[in-house]
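The next block holds one structure in the form of C-alpha coordinates; read it before the comments.
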Amino acid sequence: MSFTHILFDLDNTLYPRETGLLRELDRRIQQWTEQELGLTAAEATAMRKDYFVRYGTTLSGLVAEWQVDVEDYLAFVHDVQPARYLRPDPALAAMLRAIPLCKVVFTNAPAEHARRVLDTLGVADRFERLLDIRAVGMCSKPRPAAYDRALALLDARGPACIMVEDNPANLRPAKALGMTTVLVGAPLENGVDFARPTVLDVGPLVAQWISGDGP
(Lines give C-alpha, C1' and ligand atoms only; values in the text may rest on other atoms or scores of the structure.)
Protein backbone atom coordinates (compact mmCIF):
# COMPACT_ATOMS: atom_id res chain seq x y z
CA MET A 1 0.00 0.00 0.00
CA SER A 2 1.30 3.47 -0.83
CA PHE A 3 1.52 6.10 1.87
CA THR A 4 -1.13 8.80 2.19
CA HIS A 5 -0.40 10.44 5.57
CA ILE A 6 2.57 11.27 7.77
CA LEU A 7 1.88 12.05 11.42
CA PHE A 8 4.37 14.08 13.43
CA ASP A 9 4.46 14.44 17.17
CA LEU A 10 5.01 18.04 18.29
CA ASP A 11 7.17 18.63 21.37
CA ASN A 12 10.75 17.32 21.20
CA THR A 13 10.03 16.01 17.70
CA LEU A 14 9.61 19.06 15.48
CA TYR A 15 12.29 20.83 17.52
CA PRO A 16 15.30 19.47 19.48
CA ARG A 17 14.87 18.59 23.14
CA GLU A 18 17.87 20.82 23.89
CA THR A 19 15.67 23.90 23.48
CA GLY A 20 14.24 23.31 26.96
CA LEU A 21 10.60 23.94 26.02
CA LEU A 22 9.37 20.51 27.05
CA ARG A 23 11.37 20.73 30.28
CA GLU A 24 9.45 23.90 31.11
CA LEU A 25 6.14 22.16 30.39
CA ASP A 26 7.23 19.30 32.66
CA ARG A 27 8.14 21.78 35.39
CA ARG A 28 4.65 23.28 35.16
CA ILE A 29 3.02 19.84 35.34
CA GLN A 30 4.95 19.23 38.54
CA GLN A 31 3.90 22.63 39.91
CA TRP A 32 0.23 22.02 39.08
CA THR A 33 0.14 18.61 40.74
CA GLU A 34 1.74 19.96 43.90
CA GLN A 35 -0.51 23.02 44.14
CA GLU A 36 -3.85 21.56 43.05
CA LEU A 37 -3.55 18.18 44.76
CA GLY A 38 -1.79 19.40 47.90
CA LEU A 39 1.21 17.10 47.43
CA THR A 40 4.80 17.55 48.42
CA ALA A 41 7.38 17.64 45.64
CA ALA A 42 8.42 14.07 46.45
CA GLU A 43 4.82 12.84 46.51
CA ALA A 44 4.01 14.52 43.20
CA THR A 45 7.14 13.09 41.58
CA ALA A 46 6.38 9.57 42.79
CA MET A 47 2.77 9.83 41.64
CA ARG A 48 3.80 11.05 38.19
CA LYS A 49 6.31 8.23 37.76
CA ASP A 50 3.60 5.74 38.71
CA TYR A 51 1.12 7.30 36.28
CA PHE A 52 3.70 7.28 33.49
CA VAL A 53 4.13 3.53 33.92
CA ARG A 54 0.44 2.71 34.31
CA TYR A 55 -1.24 5.32 32.10
CA GLY A 56 1.42 6.77 29.82
CA THR A 57 0.97 10.39 30.92
CA THR A 58 0.31 12.36 34.08
CA LEU A 59 -2.96 13.67 32.66
CA SER A 60 -4.32 10.19 31.90
CA GLY A 61 -3.59 9.17 35.48
CA LEU A 62 -5.22 12.30 36.87
CA VAL A 63 -8.35 11.72 34.80
CA ALA A 64 -8.52 8.08 35.92
CA GLU A 65 -7.91 8.63 39.62
CA TRP A 66 -8.82 12.23 40.49
CA GLN A 67 -11.66 14.61 39.80
CA VAL A 68 -9.63 17.31 38.13
CA ASP A 69 -10.49 20.23 35.88
CA VAL A 70 -8.78 19.08 32.72
CA GLU A 71 -9.10 22.44 30.98
CA ASP A 72 -7.54 24.19 33.97
CA TYR A 73 -4.67 21.70 33.86
CA LEU A 74 -4.10 22.19 30.13
CA ALA A 75 -4.25 25.97 30.40
CA PHE A 76 -1.80 26.12 33.31
CA VAL A 77 0.72 23.64 31.92
CA HIS A 78 0.81 25.24 28.47
CA ASP A 79 0.89 28.87 29.59
CA VAL A 80 4.32 29.18 28.00
CA GLN A 81 5.57 31.36 25.16
CA PRO A 82 7.43 29.11 22.68
CA ALA A 83 9.29 32.13 21.30
CA ARG A 84 11.39 32.10 24.48
CA TYR A 85 12.78 28.71 23.39
CA LEU A 86 12.32 28.38 19.63
CA ARG A 87 13.11 30.27 16.45
CA PRO A 88 11.86 29.98 12.87
CA ASP A 89 13.33 26.88 11.20
CA PRO A 90 13.57 27.31 7.41
CA ALA A 91 15.23 23.91 7.02
CA LEU A 92 12.28 22.23 8.74
CA ALA A 93 9.84 24.16 6.55
CA ALA A 94 11.68 23.07 3.42
CA MET A 95 11.82 19.44 4.52
CA LEU A 96 8.10 19.39 5.22
CA ARG A 97 7.28 21.10 1.94
CA ALA A 98 9.10 18.37 0.05
CA ILE A 99 7.03 15.52 1.53
CA PRO A 100 4.11 14.88 -0.87
CA LEU A 101 1.81 13.36 1.75
CA CYS A 102 -0.94 14.72 3.96
CA LYS A 103 1.03 16.06 6.91
CA VAL A 104 -0.57 15.88 10.36
CA VAL A 105 0.47 17.03 13.83
CA PHE A 106 -0.67 14.42 16.38
CA THR A 107 0.01 15.67 19.89
CA ASN A 108 -1.03 15.15 23.51
CA ALA A 109 -0.96 18.94 23.89
CA PRO A 110 -3.94 21.24 23.30
CA ALA A 111 -4.33 22.87 19.89
CA GLU A 112 -3.53 26.37 21.14
CA HIS A 113 -0.08 25.27 22.32
CA ALA A 114 0.53 23.37 19.09
CA ARG A 115 -0.38 26.40 16.99
CA ARG A 116 1.95 28.65 18.97
CA VAL A 117 4.80 26.20 18.46
CA LEU A 118 4.08 25.79 14.74
CA ASP A 119 3.80 29.54 14.25
CA THR A 120 7.08 30.14 16.08
CA LEU A 121 8.86 27.52 13.97
CA GLY A 122 7.33 29.01 10.83
CA VAL A 123 5.76 25.75 9.68
CA ALA A 124 2.06 26.14 10.49
CA ASP A 125 1.17 26.24 6.79
CA ARG A 126 3.00 22.98 6.12
CA PHE A 127 0.39 20.85 7.93
CA GLU A 128 -3.04 19.94 6.63
CA ARG A 129 -4.40 18.65 9.94
CA LEU A 130 -3.84 19.14 13.67
CA LEU A 131 -5.03 16.38 16.00
CA ASP A 132 -4.71 17.52 19.59
CA ILE A 133 -5.73 15.98 22.91
CA ARG A 134 -9.30 17.24 22.55
CA ALA A 135 -9.70 15.92 19.00
CA VAL A 136 -9.16 12.36 20.23
CA GLY A 137 -11.48 12.70 23.20
CA MET A 138 -8.87 13.59 25.85
CA CYS A 139 -7.25 10.21 25.24
CA SER A 140 -3.47 10.59 25.41
CA LYS A 141 -0.84 8.68 23.49
CA PRO A 142 0.24 5.90 24.05
CA ARG A 143 -3.28 4.66 24.81
CA PRO A 144 -4.38 2.63 21.75
CA ALA A 145 -7.76 4.38 21.57
CA ALA A 146 -6.02 7.65 20.73
CA TYR A 147 -4.55 6.11 17.57
CA ASP A 148 -7.84 4.51 16.57
CA ARG A 149 -9.56 7.88 16.88
CA ALA A 150 -6.81 9.64 14.96
CA LEU A 151 -7.09 7.21 12.06
CA ALA A 152 -10.87 7.55 12.06
CA LEU A 153 -10.62 11.34 11.94
CA LEU A 154 -8.18 11.11 9.04
CA ASP A 155 -10.21 8.40 7.29
CA ALA A 156 -6.92 6.55 6.93
CA ARG A 157 -5.65 3.02 7.38
CA GLY A 158 -2.64 2.29 9.54
CA PRO A 159 -0.45 0.80 6.77
CA ALA A 160 -0.93 3.99 4.73
CA CYS A 161 0.54 6.13 7.51
CA ILE A 162 4.02 7.05 8.74
CA MET A 163 4.37 8.18 12.34
CA VAL A 164 7.31 10.26 13.58
CA GLU A 165 7.96 10.58 17.32
CA ASP A 166 10.69 11.18 19.89
CA ASN A 167 9.14 8.71 22.37
CA PRO A 168 9.38 5.01 21.45
CA ALA A 169 6.49 4.17 23.79
CA ASN A 170 4.25 6.33 21.61
CA LEU A 171 5.35 4.54 18.44
CA ARG A 172 4.63 0.96 19.48
CA PRO A 173 0.81 1.30 19.39
CA ALA A 174 1.14 2.94 15.97
CA LYS A 175 3.23 0.04 14.69
CA ALA A 176 0.63 -2.39 16.05
CA LEU A 177 -1.89 -0.70 13.74
CA GLY A 178 0.40 -1.15 10.76
CA MET A 179 1.94 2.30 10.64
CA THR A 180 5.58 2.68 9.63
CA THR A 181 7.28 4.21 12.65
CA VAL A 182 10.26 6.56 12.83
CA LEU A 183 11.97 7.46 16.11
CA VAL A 184 13.89 10.74 16.14
CA GLY A 185 16.66 11.76 18.50
CA ALA A 186 17.33 8.32 19.98
CA PRO A 187 18.79 4.93 18.99
CA LEU A 188 16.55 2.31 17.44
CA GLU A 189 14.51 0.31 19.95
CA ASN A 190 12.42 -2.83 19.80
CA GLY A 191 8.95 -2.19 18.45
CA VAL A 192 10.09 0.70 16.22
CA ASP A 193 10.86 0.43 12.51
CA PHE A 194 13.46 3.16 11.94
CA ALA A 195 15.48 5.72 13.89
CA ARG A 196 17.00 8.99 12.72
CA PRO A 197 19.07 11.59 14.62
CA THR A 198 16.75 14.54 13.91
CA VAL A 199 13.44 15.29 12.29
CA LEU A 200 15.30 16.78 9.32
CA ASP A 201 16.55 13.28 8.51
CA VAL A 202 12.97 12.07 8.03
CA GLY A 203 12.52 13.87 4.72
CA PRO A 204 15.21 11.95 2.81
CA LEU A 205 13.98 8.68 4.33
CA VAL A 206 10.42 9.29 3.15
CA ALA A 207 11.69 10.35 -0.27
CA GLN A 208 13.36 6.95 -0.64
CA TRP A 209 10.14 5.17 0.20
CA ILE A 210 8.03 7.23 -2.15
CA SER A 211 10.51 6.58 -4.95
CA GLY A 212 9.97 2.87 -4.41
CA ASP A 213 13.05 2.02 -2.35
CA GLY A 214 11.33 0.47 0.73
CA PRO A 215 10.46 0.49 3.50
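The values are calculated or read from the model by the stated rules, or taken from the named source; none is laboratory data. All of these numbers come straight from a predicted model, not from anything done at the bench. In case anyone asks, the SASA skips ligands and DNA or RNA and just uses the protein heavy atoms, side chains included. Shrake-Rupley method; radii C 1.70, N 1.55, O 1.52, S 1.80 Å.
Given in Å, the Rg to one decimal and the Dmax to the nearest whole number for the Cα atoms of the range 9-127 are 15.9, 49. When only alpha carbons of the chain are considered, Rg and Dmax amount to 17.0, 56 Å. The equivalent ellipsoid that matches the C-alpha gyration tensor of the range 123-184 spans semi-axes of 16, 15, 13 angstrom, in descending order. Each residue of the range 187-199 was assigned a 3J(HN,Hα) from its phi angle through the Karplus expression (A = 6.51, B = -1.76, C = 1.60, θ = phi - 60°), giving x, 4, 10, 4, x, 10, 7, 9, 9, 9, x, 9, 5 Hz with x at Gly and Pro. To the nearest ten degrees, helix 21-37 and the longest principal axis of the Cα atoms of the chain are 30 degrees apart. The amide H of ALA109, built 1.01 Å from its N in the peptide plane, has ILE133 as neighbours under 5 Å, considering only residues 5 or more places off or on other chains. Taking the inverse of the mean reciprocal distance over all distinct Cα pairs, the Kirkwood hydrodynamic radius of the range 63-174 comes to 15.3 Å. By the helix-only formula, in which each DSSP H run with n ≥ 4 contributes -39500 (n - 2.57) and the sum is divided by residues, the chain has a 222 nm mean residue ellipticity of -13500 deg cm²/dmol. ILE210 sits with roughly 80 Å² accessible to a 1.4 Å probe, with DNA, RNA and ligands left out of the calculation.
Against the empirical 2.2 N^0.38 Å (N residues), the range 112-215 has a Cα radius of gyration ratio of 1.08. In the chain, Cα pairs under 8 Å separated by at least six residues give a relative contact order of 24 percent.
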